[in-house]
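As structure tokens, the structure follows; a few thoughts come after it.
Nothing in this text is a laboratory measurement; each read-out follows from the coordinates by a stated rule. Given the structure is predicted, the values throughout are model-derived calculations rather than measurements. Because the Cβ atoms are built from the backbone with ideal geometry, glycine has one as well, and the counts that use them run over all protein chains shown.
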Number of protein chains: 2
Amino acid sequence: MKKLTILGSTGSIGTQSLEVVKRFQDEFSVVGLSARRNIELLARQAAAFNAKTICILESELKDDLYALLSNKKIEILTGRQGLLDLAGRDDIDLLVNGLVGAAGMQPTINAVTAGVNVALSNKESLVMAGAVIQDLMAQHDVELFPIDSEHSAIWQCLRGEKSSQIRRLILTGSGGPFRTLPLSAFSSITKARALQHPNWNMGAKITIDSATMMNKGLEVIEAHWLFGLPADRIDIVVHPQSVIHSMVEFADGSVKAQLGVPDMKIPIQYALAYPDHLPADWERIDFVKIGSLQFEEPDLKKFPCIRLAYDALQTGGTLPAVLNVANDLAVTAFLEDKIGFTGIPEIIESVIDRHETVMNPSLEDIDLAAEWAYKKVQKLIKG
Amino acid sequence: MKKLTILGSTGSIGTQSLEVVKRFQDEFSVVGLSARRNIELLARQAAAFNAKTICILESELKDDLYALLSNKKIEILTGRQGLLDLAGRDDIDLLVNGLVGAAGMQPTINAVTAGVNVALSNKESLVMAGAVIQDLMAQHDVELFPIDSEHSAIWQCLRGEKSSQIRRLILTGSGGPFRTLPLSAFSSITKARALQHPNWNMGAKITIDSATMMNKGLEVIEAHWLFGLPADRIDIVVHPQSVIHSMVEFADGSVKAQLGVPDMKIPIQYALAYPDHLPADWERIDFVKIGSLQFEEPDLKKFPCIRLAYDALQTGGTLPAVLNVANDLAVTAFLEDKIGFTGIPEIIESVIDRHETVMNPSLEDIDLAAEWAYKKVQKLIKG
């Protein structure tokens with residue numbers, strides 16, 4: 001029985017992780033859960049899965065949450081510090097980090113430092129602090145199990161293989177909802193349209209990242225840290241059907257791909273059950289019904305975020321963290337109607353252009369760079 | 001340095017195997033070579049690769065071959081017995097069996113019995129004597145490394161995986177040159193048209209097998225023996241581009257595929273270099289240039305050979321051997337203009353319909369069944 005704590009349990013990855021746990025009650029048990037503000041769902045989850053500890057990020061909701069749980073003996077933590085405490089506990093086998101954005105980084109670090117393996121959906125952890133986390137992983141003998149469908153695909157393709165025999169990684173991406181939209185129409189993209197993703201069921205932040213294709217850029221950086229390849233050996237191919245989740249090309253020209261229906265429960269289950277493919281009856285793939293798989297080059301004019309991410313990875317140091325914070329905030333500003341769609345890459349670019357990169361950064365350097373980026377973006381948004 | 005003997009060295013698999021050996025002269029050396037009748041090429045290969053022993057199947061060509069090699073110290077074997085002797089020698093690390101048809105079975109058995117691993121292109125070995133060969137493999141602690149692109153793909157996808165967690169195998173096939181031809185035109189298919197394969201560069205027998213799709217049927221039977229799955233968990237999907245070489249679906253719904261340009265040198269190299277992906281500069285895959293991958297259901301009305309092969313596998317015993325011999329001879333008859341294209345499945349069907357299957361056959365039972373099938377087909381062809 002694997003004991004799990006799930007951070008962000010009321011979000012997209014969190015709820016789907018709990019569906020997997022529910023499907024395999026003999027394999028997994030839930031120790032801890034955390035949510036930002038959805039106390040009703042958090043209380044229901046805590047009761048249904050017999051969680052020992054739960055954390056509510058918005059502390060002022062504690063009493064309401066307590067009321068919902070009145071008859072149960074459940075420890076309630078609150079606020080950022082409660083989240084970090086929960087993430088750093090070593091009474092579990094696996095931490096599922098389903099948090100969104102830069103806020104997910106420190107919980108990953110806390111788990112790794114506690115010697116706990118992490119099923120990682122929060123891509124910002126490695127984007128911001130890849131080198132720091134890698135050092136800690138080696139120090140505490142901890143593994144990361146990617147949940148992202150792309151990285152899960154690569155991880156699966158690399159089973160039994162030597163990483164020295166990889167020629168390149170090929171990350172596939174749907175191209176998002178604006179793949180076929182002419183560049184001239186990009187400035188008038190509305191929030192409502194950007195939130196409609198063609199294939200995947202995901203949270204708002206990641207859906208916008210998919211629309212700008214920053215998602216793919218962040219995945220390139222994450223893949224660099226997970227699989228140890230330089231930027232020029234990680235390629236992006238647009239694949240609108242999202243059936244091939246990513247690929248690995250080996251030194252002899254042989255390519256392995258992992259495929260499936262666009263359902264996050266499959267990579268989540270794999271990360272939870274690794275190294276096993278436990279029998280499950282999620283929707284099955286039907287190649288004849290799919291009929292055709294397409295491939296295109298990503299359009300860097302329409303999607304400058306891709307270029308910005310590659311540049312940040314090439315430069316390294318604190319720059320990917322700055323890119324990530326700028327993206328987080330620009331996406332939030334777009335979702336709050338403060339900037340337009342094309343304002344997202346514009347803000348990111350002007351922030352990373354002004355950043356004085358610190359190489360081989362400590363966690364403190366990364367925090368300082370993130371803080372600097374935060375202020376810079378706020379200033380740019382207010383104009 | 002891996003020491004190799006290559007049977008069928010002047011054929012399609014043989015010459016491509018030698019291209020791989022030439023590319024990796026520090027990895028592989030050639031001990032033995034065999035050919036049917038192309039003495040000029042065999043002599044050149046023997047000289048170029050410093051073979052110690054060569055075998056010419058058509059014994060009457062021995063003197064001419066000897067003359068071509070006058071200055072070199074090379075042992076020359078002749079005839080079927082020479083071939084079987086060469087196949088059964090234990091002074092090598094790997095036997096590459098590039099022979100075509102039922103004649104390739106006994107050499108595989110001889111190598112396995114000598115304790116030598118076999119890189120197997122000859123699919124008839126397992127189709128005819130799968131159970132016998134499996135027993136011998138266990139007895140002599142020998143492995144088979146598939147060269148066929150489909151089985152190589154599955155083998156690669158299964159690296160590091162547990163075979164108990166496979167849900168099904170998905171063999172892809174181009175559908176051959178007559179995929180889009182209406183059924184009504186099948187009776188007038190000419191030899192010249194049937195010999196034009198859209199994707200792969202192969203010998204005549206296999207090209208016709210691809211046109212009738214018996215190739216895929218034989219591969220289903222071979223996959224059964226290589227990977228231990230029953231017929232109803234081995235599916236065929238038509239995939240005209242031949243880019244996805246085959247797939248494995250696991251119990252959790254995750255699918256792995258192996259892909260590449262349609263170049264046999266990649267699976268040959270993998271079988272020779274296993275477990276390594278040695279760096280090679282064969283043509284590289286370009287997904288954007290490929291653009292699109294299609295999938296269709298195989299048409300069992302146009303390609304009854306598929307159904308015949310599944311039926312033979314379901315029944316088991318000596319029936320797959322009979323199917324295979326009948327197919328070998330029917331294809332030869334077609335290539336000799338003795339029967340039409342639709343005559344191939346007709347002959348096979350009437351032979352397997354009349355066969356009294358022996359279950360759990362010994363090698364002798366298989367030989368007897370093959371002999372029976374041989375006579376039956378000859379009678380049918382002569383009318």
Bins of 5 Å from zero: percent of alpha-carbon pairs in the stretch B:266-339: 3, 11, 11, 11, 11, 14, 17, 16, 6, 0
Across the identical copies, how the B:R193 labels are spaced - nm, sorted shortest first, 7 Å along Cα→Cβ: 4.9
Calculated from backbone phi, Karplus (6.51, -1.76, 1.60) coupling profile of the stretch B:224-236 in Hz, x at Gly/Pro: 4, 6, 6, 10, x, 9, x, 3, 6, 10, 10, 9, 10
FRET efficiency estimate (nearest 0.05) - Cβ-Cβ, B:L335 to B:S163, R0 30 angstrom: 0.20
Of B:N71, B:N97, B:N327, the one that fluctuates the most in a GNM where chain B has Cα springs shorter than 10 Å: B:N71
Cα-centred dipole magnitude for the stretch B:310-383, charges only on beta-carbon of K, R (+1) and D, E (-1), debye, nearest 20: 240
The stretch A:2-146: translational diffusion in µm²/s, Stokes-Einstein, Kirkwood Rh over Cα pairs, 20 °C, 1.002 mPa s: 144
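Where does chain B land on the Kirkwood hydrodynamic radius, alpha-carbon pairs, in angstrom?
Details: mean 1/r = 0.0472 Å⁻¹.
About 21.2 Å for chain B.
Note down, for the protein assembly as shown, the three equivalent ellipsoid semi-axes (square root of 5 times each alpha carbon gyration tensor eigenvalue), biggest first, whole angstrom.
Numbers: eigenvalues 640, 144, 124 Å².
Taking √(5λ) for each Cα gyration eigenvalue gives 57, 27, 25 Å.
What is the local net charge at B:A102, summed over the other residues whose Cβ is closer than 9 Å to its Cβ (Lys, Arg +1; Asp, Glu -1)?
Details: positive: none; negative: B:E124, B:D328.
Net charge in that neighbourhood comes out at -2.
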With at most 16 other Cβ atoms within 10 Å, longest stretch of chain B clear of loop GluC sites (Glu not before Pro) (DSSP): B:144-282
Peptide A:292-298 - average C-beta neighbours from other chains (10 Å radius): 6
Estimated distance in nm for a label pair at A:K382 and A:E40, the labels positioned 7 Å out from Cα along Cα-to-Cβ: 3.6
Within straight-line cross-link reach of A:K376, aspartates and glutamates at Cα separation under 17 Å, skipping those fewer than 8 residues along the same chain: A:D328, A:E346, A:E349, A:D353, A:E356, A:D365, A:D367
Nm distances between copies for A:M1, ranked from closest, using label points 7 Å along Cα→Cβ: 6.0
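Over 26 Å between Cα atoms: which of B:K123/B:K289; A:K52/B:K256; B:K2/B:K162; A:K205/A:K338 fall into that group?
Violating the 26 Å limit, Cα to Cα: B:K123/B:K289; A:K52/B:K256; B:K2/B:K162.
State which entries of A:K3/A:K265; A:K3/A:K73; A:K265/A:K302 exceed 23 angstrom in Cα-Cα distance in the structure shown. Intermediate values should be presented prior to the final figure.
Details: A:K3/A:K265 18 Å; A:K3/A:K73 18 Å; A:K265/A:K302 31 Å.
Checking Cα-Cα distances, A:K265/A:K302 exceed 23 Å.
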11 Å reach of a label modelled at A:D26, 7 Å along Cα-to-Cβ, counting backbone N of the stretch B:237-252: none
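Can you give the Kirkwood hydrodynamic radius of the stretch B:323-383 from its Cα pairs, in Å with one decimal? Don't jump to the answer; show the numbers that get you there.
Values: mean 1/r = 0.0856 Å⁻¹.
Value: 11.7 Å, from the Cα pair sum.
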Distant alpha-carbon pairs in the stretch A:1-88 (separation over 15 angstrom), percent: 51
For the stretch B:31-45, 3J(HN,Hα) per residue [Karplus equation, 6.51 cos²θ - 1.76 cosθ + 1.60, θ = phi - 60°, Hz, x = Gly/Pro]: 9, x, 9, 9, 9, 7, 8, 7, 5, 4, 5, 4, 5, 4, 4
Net charge over other residues, Cβ less than 9 angstrom from the Cβ of B:Y270 (K, R count +1; D, E count -1): -2
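Taking each pair of different alpha-carbon atoms in the stretch A:119-191 once, compute 1/r for the pair, average those values, and report the inverse of that mean as the Kirkwood hydrodynamic radius in Å to one decimal. Don't skip to the end; give the middle numbers.
On the way: mean 1/r = 0.0647 Å⁻¹.
About 15.5 Å, per the Kirkwood formula over Cα pairs.
Exposed loop trypsin sites (Lys or Arg not before Pro) only (DSSP loop, at most 10 other Cβ atoms within 10 Å): please give the longest stretch of chain B free of them, not including the sites. Numbers along the way, then the final one.
On the way: sites that count: B:K73, B:K301.
Longest run free of exposed loop sites: B:74-300.
Given the DSSP H assignment, sum -39500 (n - 2.57) over each helix run of at least 4 residues in chain B and divide by its residue total; what's the result at 222 nm in deg cm²/dmol, nearest 500?
Working: 16 runs with 175 residues, N = 383.
Only helices count here, giving -14000 deg cm²/dmol.
Given charges of +1 on the Cβ of Lys and Arg and -1 on the Cβ of Asp and Glu, with all other atoms neutral, how large is the dipole of the stretch B:2-146 about its Cα centre, in debye to the nearest 20?
So the magnitude is around 340 debye.
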The stretch B:2-146: relative contact order in percent, alpha carbon pairs under 8 Å with at least 6 residues between: 21
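Give the relative contact order (percent, whole number) for chain A; include only Cα pairs under 8 Å separated by 6+ residues. All intermediate terms of the calculation are to be shown ahead of the outcome.
Working: 707 pairs, mean separation 56.4, N = 383.
Relative CO of chain A lands at 15 percent.
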Other copies of B:D26: label-to-label distances in nm, shortest first, labels 7 Å along the beta-carbon direction: 5.2
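By counting other Cβ atoms within 10 Å of each Cβ, how are A:H355, B:H245, A:H239 ranked from fewest to most?
Working: A:H355 20, B:H245 26, A:H239 23.
Exposure proxy ranking, most exposed first: A:H355, A:H239, B:H245.
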Residue of chain A nearest the A-to-B rotation axis [by Cβ], rounded angstrom distance: A:G160, 1
Residue among B:P298, B:P177, B:N117 farthest towards the positive dipole end of chain B, charges placed on Cβ: B:P177
